[in-house]
Amino acid sequence: MFTIFLLLSGARGLTSEIPLSTFFRNDCKVAVSSANITTSPLAARAQQPAMPAIGYLDSRSPDVVASRLRAFRQGLRETGYVENENVAILYRFAEDRIDRLPELAGDLACRQVAVIAAPAGAPAALAAKAATTTIPIVFVLAEDPARLGLVASLARPGGNLTGINFLSTELAAKRLELLRELVPGAARAAVLVNPGNATTAESTLRGMEPAARAMGLQIHVLNAGIFDACARPTLTRSSSTPTPS
């Protein structure tokens, strides 16, 4: 299955496709471009001006996103910026506590970072947007950023936000169709959602439930919490979509 995504350019209103293998490196380059860090790396070493800072806001823990952080730093190096040499990165991880994101985003805004990278989906992007209207914000989303109110439209984002949209939730119904093709005799399907990320859960079900009714397929929605290595994960049945009579 292919994942479709868009790169939005707030300044120019352009879109382009990005290979998944270079996604996080390009995400970093968008952050640098959005921040308008104009001092060249060589000039920075020669003149030693104040080091620009990039805020990195994530709802997860650094261990979980270690490979993505490496790709992010690699992207910086490819644009001529090396962490702790000519650019600083202020990391803020919510450790799976989404309620902490507004506080962490506010801290980055108070520190006047040049740009905020919010690669952890809608909660981080919304928290960053609420924290500042002037600092450029680069998001990574599975949902429609225009519907969430992050940008005015995909073609012309406007404001201080831009980023990458995977259009993942829009493909939820298609995934259900593919599942039905693989198992044509299935009458029921389970859908796991994270109740801690209500935005993504609602977006997923919004597209999936009508598709299930049209196919005469019953879906059981299960709330799956954050996995705890020290305890057995629990699943709680939330609701089900009955087959049409």
Worksheet, complete the sentence: The exposure ranking of Arg188, Arg92, fewest beta-carbon neighbours within 10 Å first, is Arg188, Arg92
Worksheet item: Taking the Cβ of Cys110 as the center, what net charge do the other residues with Cβ under 15 Å away carry, scoring Lys and Arg +1 and Asp and Glu -1?
Response: 0
Response to the item:
Ranked from fewest to most other Cβ atoms within 10 Å of their own Cβ, Ile54, Ile219 fall in the order Ile219, Ile54
Fill in: Approximate spin-label separation Asp144-Ala186, in nm, with each point projected 7 Å along Cα-to-Cβ
2.5 nm
Fill in: Where labels lie 7 Å past Cα in the beta-carbon direction, separation of Gln74 and Leu222 in nm
3.5 nm
Worksheet entry | Additional length obtainable on full extension of the chain from Leu167 to Ala155, 0.36 nm per residue less Cα span | 2.9 nm
Worksheet item: How would you order 202-214, 144-156 from highest to lowest mean count of nearby Cβ atoms within 10 Å?
Response: 202-214, 144-156
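Computed from the coordinates by the stated procedures, all read-outs in this text should not be read as laboratory data. The structure displayed is predicted, hence computed values, not measured ones. Please note: Cβ atoms are built from the backbone with ideal geometry, for glycine as well, and neighbour counts cover all protein chains shown.
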